[in-house]
1. Where the second residue is open to solvent by less than 20 Å² (accessible area, probe 1.4 Å) and the first is on the phi > 0 side of the Ramachandran plot and lies in segment 159-172, which pairs have Cβ atoms under 9 Å and are six or more apart or on separate chains?
2. Quick one: how many residues across segment 64-109 are of a type in the set (A, V, I, L, M, F, W, C) and either outside any helix (DSSP H, G or I) or free of Cβ contacts under 8 Å to residues at least 12 places away in the same chain (or both)?
3. Within segment 194-209, does at least one residue satisfy the condition of being open to solvent by 20 Å² or more (accessible area, probe 1.4 Å), basic (Lys, Arg) and in a loop (DSSP other than H, G, I, E, B)?
4. Could you list, in sequence order, all residues of segment 202-238 that are among the β-branched types (Val, Ile, Thr) and under 21 Å from the mean Cα position of the chain (by Cα)?
5. Give the residue, chosen from Glu183, Glu222, Glu250, that is within 30 Å of Tyr350 (Cβ to Cβ) and not hydrophobic (A, V, I, L, M, F, W, C).
6. Does Leu239 meet the test of being crowded, with 17+ Cβ neighbours inside 10 Å and within 24 Å of Trp103 (Cβ to Cβ)?
7. Restricting the first residue to segment 133-147 and requiring it to be surrounded by 14 or more Cβ atoms within 10 Å (Cβ to Cβ), which pairs with a second residue that is among the hydroxyl-bearing types (Ser, Thr, Tyr) meet a Cβ separation below 6 Å and a spacing of at least six or different chains?
8. Select from segment 160-179 the residues that are modelled with pLDDT of 80 or more and polar (S, T, N, Q) and list them in ascending order.
Amino acid sequence: MRIIRKECIKILVSKRLPAIILFTVLYYILFMQIQKYPYIFSWGIVSQQRYVSELVEDVGPSLSGEEWHRMEAKRQELLAKVREICSANAVLADAGIYDYETWLEAYQELFLIPDENKLSDENKLSDENSILDNKQKLRREVMALYQQEGESQKCLTLLQYIDNLEYIHELGCLFSVPASEAETVAREYWGHATPLFQKAIAVFCQRDLSMLPHMMFMLLWEDMHAMTILLVICSLILLIPCQIHEKLCEVTALYATTRTGRRIFGKQFAAHLIACGFVSALQLLVYVGIFISKGLTVYWKCPAWPDGTTTFWLDISYGTYMAVYLLMIWLFVMGNVVMAYCIGRFSANYITGIAASIPVGGIVCFLGRRLFNSPFGFTEAVRVPLWEPMVLFLWLAITGILITFLLKRDQKRNL
């Protein structure tokens, strides 16, 4: 244990750790969506899920068919607020926009339906002496009601989200289906899918409607793709130079000359595993801390199947899903420690170490992105359920066999 402890300290107090911290900060700024929340995401959507979180607090994390009246009561409350806002706006009142329905009709007519006079109207704006006509004033007021942060944006956003949930609720085939009708519904709506999918959806459609927005899964999936790459790169930076340095200083050769020295190789690897595991766990905890600071913990109690767009094998909460997701990524990176250790052991110098780590790291990152692409979800063409844990176990088994072979080889080799 004393050797392992000293090896861990040697890794963690190296000059590479500040570089890893700086790289992590820059990586978060450039690629992680959680630090941008609730503003602009990389896929070009302005997130307004902070309003939806208030809705979750009001009506609960999920709703059964018998509890839908709570959602309808919330909708009526929001409709009343929109009527008050519209009646207080003279431009909207003159145009006959007095509630949510008339505002939605005006919004679709002004912005979604092609307007032949739109170009000529906008050309008028370029003339400093021209005055906005009534239509342009109306366009500005209708858009401001939705785009400017405030009570109007909150009410309109929540009403659109509730309308989407109401559409899913009225379909009658995704949530709160009676057990006696589940198999019939599965065959009727998904008869073209695989038998495995039909069997799974027959269980899935009996669940309650989750209040979790699909955007929260998009956020988690995209960030975990980036997190996998970040942790793989950091593990390579942290571990490979350590082995190469000892090889250049002929410490590795010295260890190999005696049986007692060769036993240190196993302890070195254990120290690599502990040090990298600690750094990786710390980076994952930082992500969780940012997640909490953004006020997103309200979604942790929601069932992990968002608004009818994603289906999962496991009946778990979003918080549990996130915890399992992070644990799987951590275990995946522990397998990458073996790759980093092998690269460091067999590289003659830093140049060959860098040359070897680039393709190996790229392959590992590609494998990680494929493995952690919406884990535990199932599609209509699915044939193997829960394949992600099996592939992860296979990855750990292969890397475990590789390091066992290498360490046993070191015990037999005598320089």
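The values are calculated or read from the model by the stated rules, or taken from the named source; none is laboratory data. If you're wondering where the values come from, they're calculated on a predicted model, not measured in any experiment. Cβ placement follows ideal geometry from the backbone for every residue including glycine, while neighbour counts extend to all protein chains displayed. To get the accessible areas, we keep the full protein, side chains included, count just its heavy atoms, and leave off ligands, DNA and RNA. Shrake-Rupley method; radii C 1.70, N 1.55, O 1.52, S 1.80 Å.
1. Here the result reads Gly172/Val185, each pair linking segment 159-172 to a residue that is open to solvent by less than 20 Å² (accessible area, probe 1.4 Å).
2. At the first step, the residues of segment 64-109 found to be of a type in the set (A, V, I, L, M, F, W, C) are 68, 71, 73, 78-80, 82, 85-86, 88, 90-93, 95, 97, 103-104, 106.
So of that shortlist, the ones also either outside any helix (DSSP H, G or I) or free of Cβ contacts under 8 Å to residues at least 12 places away in the same chain (or both) come out as 73, 80, 88, 90, 93, 95, 97, 104.
Qualifying residue count for the region: 8.
3. yes
4. Those that are among the β-branched types (Val, Ile, Thr) and under 21 Å from the mean Cα position of the chain (by Cα): Thr228, Ile229, Val232, Ile233.
5. On the way: Glu183 fails: within 30 Å of Tyr350 (Cβ to Cβ); Glu222 fails: within 30 Å of Tyr350 (Cβ to Cβ).
Exactly one of Glu183, Glu222, Glu250 is within 30 Å of Tyr350 (Cβ to Cβ) and not hydrophobic (A, V, I, L, M, F, W, C), namely Glu250.
6. On the way: crowded, with 17+ Cβ neighbours inside 10 Å: yes; within 24 Å of Trp103 (Cβ to Cβ): no.
Considered against the rule, which asks whether it is crowded, with 17+ Cβ neighbours inside 10 Å and within 24 Å of Trp103 (Cβ to Cβ), Leu239 comes out as no.
7. Within 6 Å, the pairs are Val142/Tyr107; Leu145/Ser152.
8. Selection gives Gln160, Asn164.
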